[in-house]
């Protein structure tokens, strides 16, 4: 799975469904930061990314986790990942 392509598809689907621009931009920025920091897209990398951002205020940290959860749900619906990723991350 090419995660960059999957993330681009996810962001485009949010735009097509008229999600607020602020939300789309935040998620795009979040996932771009992930792609810049990690080579692999797996539960270990996602867990490390979440831990690396634990310095964020409580509100933004929750939003970060929500953004990741929503991306994972999209990837699951597209048949790109299984439900085991959710169990491994314990979001």
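Read-outs throughout are calculated quantities, based only on the coordinates presented, and are distinct from any laboratory measurement. Here the structure is a predicted model, which is why all the values come from computation and not from measurement. Counting neighbours? That spans all protein chains shown, and the Cβs are built from the backbone with ideal geometry, glycine included.
Hey, could you grab the Kirkwood Rh for the chain? Inverse mean 1/r over distinct alpha carbon pairs, Å, one decimal. Kirkwood hydrodynamic radius for the chain: 13.4 Å.
In terms of other Cβ atoms within 10 Å, 8, 30, 83 run from fewest to most in the order 83, 8, 30. Across the chain, Cα pairs under 8 Å and at least six residues apart give a relative contact order of 30 percent.
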